[in-house]
Every structure is written in structure tokens, then in C-alpha cells.
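The structure appears right after this line, and notes come after that.
The values are calculated or read from the model by the stated rules, or taken from the named source; none is laboratory data. Computed from a prediction, not measured in an experiment: that's the story for all the values here. For neighbour counting, all protein chains shown are included, and Cβ atoms are generated from backbone atoms with ideal geometry for every residue, glycine included.
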Amino acid sequence: MAEQRPPQIAILGAGIFVRNTYIPRLAEISNLLVLRAIWSRTQESARGAVEIAKQYFPDVECKWGEAGLNDIILDASIVGVAVVLAGQTQVDMSLRFLKAGKHVLQEKPAAASVNELETAISSYNSFNPAPIWAVAENYRFEPAFVE
């Protein structure tokens, strides 16, 4: 039986929350996944986050701009992305990657308006097969909601 390799993921975004929260939390479970790439709009921002991530994921790649997004979309080894961007860009970016067949963990907010969310869900429901799309909201794990 072939050895199962950990899934490879990318982070879209390289801001403070990625640097101070995402990278350290992913490092804690580095035996379960491989951080393959970090993308940002600018090379400088992506490089800053990659420098931090390299201590836990030595092969993480720096991606930026439209070419970097396309690299991640076309990389069949990357099965999912964490979308950690400004709220106004997250839905479009999430849908772009879902349409490409990548699983998406999207930071809050889910959308800027109910209308935007309804439109996004309608688009998502048209994908066949539909990758997993989750919003990073912890309330669903609170005991009062689990009961």
C-alpha cells in the first residue's frame, strides 16, 4: 500500500493575522499537512510571511500577484487554501479557488451582505463536485451550539 502524504495547502494573504496566528497554529499540526505556498498581492508582503513560515515549513514558496494566484490554482498538489484577506475580496477569491476544485477555509466575514452571500452560495451550489467551503467561525464548536 502506498504511503499517504499529508495534504498540501496554500495561504492567500500575508498580513499580521497570518504571521501571528495562522503560521504558528499550522506549525502545531505540521505533521498533518504541508504549507506549500503563501500568496499576497505584493512580493514584499508574501516574502515576509514566508520567512516566518520557513522555520516550520522549509519548502514553502513565495507567490504574489496574478501569476502567483494562477500558479496555486494550476498546482494539482495543492488541495486547499486558507483565504485570509480583506473582507471585501474574500468571497470572489474563495469562489475562484472553489471553481478550480480547491477546498477553501475562508476567514470571517462570510460576505459583506446577505445578497452577496446568497449569490455566492448559488454559485457554489453549481459546482460539481463541490469542494469543501468553510468559514473560520468558532461559534459552531461552542458547547451551547453543539448541544
- [ ] Identify the single condition in (1) farther than 21 Å from Ala100 by Cβ; (2) modelled with pLDDT of 95 or more; (3) aliphatic (A, V, I, L, M) that Met1 does not satisfy, given that it satisfies every other one.
- [x] (2)
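If only one of Arg5, Arg36 is more than 16 Å from the chain's Cα centre (by Cα), without any contact (Cβ under 8 Å) to a residue 60 or more places away in the chain and within 20 Å of Ile132 (Cα to Cα), which one is it? Spell out the reasoning first.
Values: Arg36 fails: more than 16 Å from the chain's Cα centre (by Cα).
Of the residues listed, the single one that is more than 16 Å from the chain's Cα centre (by Cα), without any contact (Cβ under 8 Å) to a residue 60 or more places away in the chain and within 20 Å of Ile132 (Cα to Cα) is Arg5.
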Task: Yes/no for Ile11 being touching a strand residue (DSSP E or B) at 6+ places or on another chain (Cβ under 6 Å), surrounded by 14 or more Cβ atoms within 10 Å (Cβ to Cβ) and not in a helix (DSSP H, G or I) - done: yes
Task: So Ala49, is it touching a Cys at 6+ places or on another chain (Cβ under 9 Å) and farther than 20 Å from Leu74 by Cβ - done: yes
- [ ] Inspect all residues belonging to the range 111-120 and state whether any of them is small (Gly, Ala, Ser), assigned to a helix (DSSP H, G or I) and surrounded by 15 or more Cβ atoms within 10 Å (Cβ to Cβ).
- [x] yes
Task: Unmet requirement for Ala76, which otherwise passes all of (1) touching a residue at least 12 places away in the same chain (Cβ under 8 Å); (2) on the phi < 0 side of the Ramachandran plot - done: (1)
- [ ] Determine which single condition Arg25 fails, assuming it passes every other condition in (1) in a strand (DSSP E or B); (2) under 19 Å from Gln106 (Cα atoms).
- [x] (1)
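So in the range 99-147, with the set limited to residues that are among the hydroxyl-bearing types (Ser, Thr, Tyr) and out of contact with any strand residue (DSSP E or B) (no Cβ under 9 Å at 6 or more places or on another chain), which one is nearest to Tyr22 (Cα to Cα)? Give the steps one after another, and end with the answer.
So the first thing to find is which residues in the range 99-147 are among the hydroxyl-bearing types (Ser, Thr, Tyr), and the list is 113, 119, 122-124, 126, 139.
Filter once more, keeping what is out of contact with any strand residue (DSSP E or B) (no Cβ under 9 Å at 6 or more places or on another chain): 113, 119, 122-123, 126, 139.
On the way: Ser113: 26, Thr119: 28, Ser122: 29, Ser123: 28, Ser126: 30, Tyr139: 18 Å.
Here the answer is Tyr139.
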TODO: Would you check which residues across the range 33-78 are among the hydroxyl-bearing types (Ser, Thr, Tyr), within 21 Å of Phe97 (Cα to Cα) and part of a loop (DSSP other than H, G, I, E, B) and list them?
DONE: Thr42, Ser77
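Working carefully through the options Ala67, Ala49, find the one that is free of Cβ contacts under 8 Å to residues at least 24 places away in the same chain and aliphatic (A, V, I, L, M).
Working: Ala49 fails: free of Cβ contacts under 8 Å to residues at least 24 places away in the same chain.
Among Ala67, Ala49, only Ala67 is free of Cβ contacts under 8 Å to residues at least 24 places away in the same chain and aliphatic (A, V, I, L, M).
Looking at the range 54-110, which of the residues that are of a type in the set (A, V, I, L, M) and modelled with pLDDT under 95 is surrounded by the fewest Cβ atoms within 10 Å (Cβ to Cβ)? Lay out the reasoning, then the answer.
Narrowing the range 54-110 to residues of a type in the set (A, V, I, L, M): 60, 67, 69, 72-74, 76, 78-79, 81-86, 91, 93, 95, 98, 100, 104-105, 110.
Then drop every residue that is not modelled with pLDDT under 95, which leaves 86, 110.
Numbers: Ala86: 11, Ala110: 20.
Residue satisfying both the conditions and the ranking: Ala86.
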